[in-house]
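See below for the structure under consideration.
We did not get these values from a lab; they are worked out from the coordinates using the rules stated. Owing to the predicted nature of the structure, the values given are computational and were not obtained by experimental measurement. No Cβ is skipped: glycine too gets one built from the backbone with ideal geometry, and neighbour counts run over all protein chains shown.
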Amino acid sequence: MDELTEVAQAEEDNRRVSIKRLGDTISLAQDFFDAHSKLMDLLGETKASTAEALEVTAVLLLAVRYQLVIGALAVLRAQRTDAMQTLRRAVELAAFAHRMHASPELRDVWMRAEDDQETYRRYRKEFKAELLFPKDDALLQGLYDRYRRGSGALHSSVASLSHRLTIRMEGEWRVVVHNYFEFTEGDAAEPARTFLYLIDTHLGILRLFTKILGAQLEPVKDQWTLRMNALAAKLKLHVQRWAPTFGVS
């Protein structure tokens, strides 16, 4: 068997085991996919004088959903580091959407960043982390913590490699192994711990898009509030259920 086929089969085996372990906790993923679909439906029905603004928001919202899907799949395949990288990307996408919502003139800078060096330099300046995550915004500061944790998995640091790295002695030889998978069968906390962390982060992201799309959500504000409250309550219930396995109260 060639290596690609072997790894792909192992990923699928892990996915099946993870779904079985998670039980009905896995249903949280579909709940969040459905919430994203509802937001996209609302954007599609909106008649706005600034269609470009909604288009940019829609592009970023769809990109966040993509990160949620591949992040959840990475967790199920026992690839924690990959999942954390998607988390970092999703938070950054949402923060970009908020930055351009707060400062509409930056949409053009974002869209034309690759046109020339001057525009690119302004893009780098206007979308720095300290501007994306202002200290006086509690929601964005909470997401910034997740962003930093995701960055730890993205950059080429010891931390980003530690979950996959195994060093052992075989006689006089020191053997270094880079593992494809990061969860062990004996770890009762996984994949629930990483899966719920991912979902909780995306709850914060949905709250940010709720803020960004306040005008579009106004006609269905009560229904959307109920949906968001239901997502938060269900997530809390599942965190409490799994807490004894990973020491979270």
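The value of relative contact order for the stretch 63-209, using C-alpha pairs under 8 Å at least six residues apart, is 32 percent.
Our note on the geometry: Cα centres of the stretch 202-249 and the stretch 116-147, 24 Å apart.
Quick one: net charge of D34's neighbours, Cβ under 15 Å, K/R +1, D/E -1? Computed value for this residue: +2.
Quick check: the distance between the Cα centres of the stretch 63-108 and the stretch 1-37, to the nearest angstrom? So the two Cα centres are separated by 19 Å. I want the local charge near E105. Using Cβ-Cβ distances under 15 Å, sum +1 for each Lys or Arg and -1 for each Asp or Glu among the other residues. Within the 15 Å Cβ shell, the charges total +2. Longest exposed-loop-site-free stretch of the chain, with GluC sites (Glu not before Pro), DSSP loop and at most 13 other Cβ within 10 Å? In short, 1-104.
Output the DSSP H helices from the chain with an along-axis C-alpha extent of no less than 15 Å and a mean Kyte-Doolittle hydropathy no less than 0.5. Mind showing how you got there, number by number?
Working: long enough: 3-22 (28 Å, -0.96); 27-45 (27 Å, -0.02); 51-76 (38 Å, 1.75); 80-102 (33 Å, -0.31); 138-154 (24 Å, -0.37); 192-212 (30 Å, 0.79); 221-246 (37 Å, -0.44).
Helices meeting the span and hydropathy rule in the chain are 51-76, 192-212.
The three principal axes of the C-alpha atoms in the chain carry coordinate ranges of 70, 46, 39 Å, sorted with the longest axis first. What the Cβ-Cβ distance of A8 and A53 gives, at R0 = 41 Å and to the nearest 0.05, is a FRET efficiency of 0.50. Charge dipole of the stretch 1-69 (Cα centre as origin; +1 on each Lys and Arg Cβ, -1 on each Asp and Glu Cβ, all else neutral): 320 debye, rounded to the nearest 20.
What stretch of the chain, leaving out the sites themselves, is the longest with no trypsin sites (Lys or Arg not before Pro) in a DSSP loop having at most 14 other Cβ atoms within 10 Å?
Details: sites that count: K47, R112, K128, K135.
The segment 136-249 is the longest one with no such site.
Rounded if a/c is under 1.5, else prolate if a/b beats b/c, else oblate: with a ≥ b ≥ c from the C-alpha gyration tensor eigenvalues square-rooted, which is the stretch 135-206? Don't skip to the answer; put the middle values down first.
Details: a/c = 4.46, a/b = 2.01, b/c = 2.22.
Note, shape of the stretch 135-206 comes out oblate.
Taking label positions 7 Å along the Cα-Cβ direction at both L161 and D108, the computed distance is 4.6 nm, reported to one decimal.
Shape class for the stretch 109-249: oblate, because the ratio a/c of the largest to smallest gyration tensor axis (alpha-carbon atoms, square roots of eigenvalues) is 1.5 or more and b/c is at least a/b. Using only side-chain charges placed at the Cβ, +1 for Lys and Arg and -1 for Asp and Glu, the dipole size of the stretch 97-249 relative to its Cα centre rounds to 340 debye. Taking Cα centre as origin and charging only the Cβ of basic (Lys, Arg, +1) and acidic (Asp, Glu, -1) residues, the dipole magnitude of the stretch 33-171 rounds to 640 debye.
Given the convex hull of the Cα atoms of the stretch 1-147, what is a quarter of its surface area in nm²?
Working: hull surface 47.8 nm².
Convex hull of Cα atoms, orientation-averaged projection: 12.0 nm².
Rounded, prolate or oblate: which fits the stretch 82-132 when a ≥ b ≥ c are the square roots of the eigenvalues of the alpha-carbon gyration tensor, with rounded for a/c under 1.5 and prolate only if a/b beats b/c? Prolate is the answer for the stretch 82-132, as a/c is 1.5 or above and a/b outweighs b/c.
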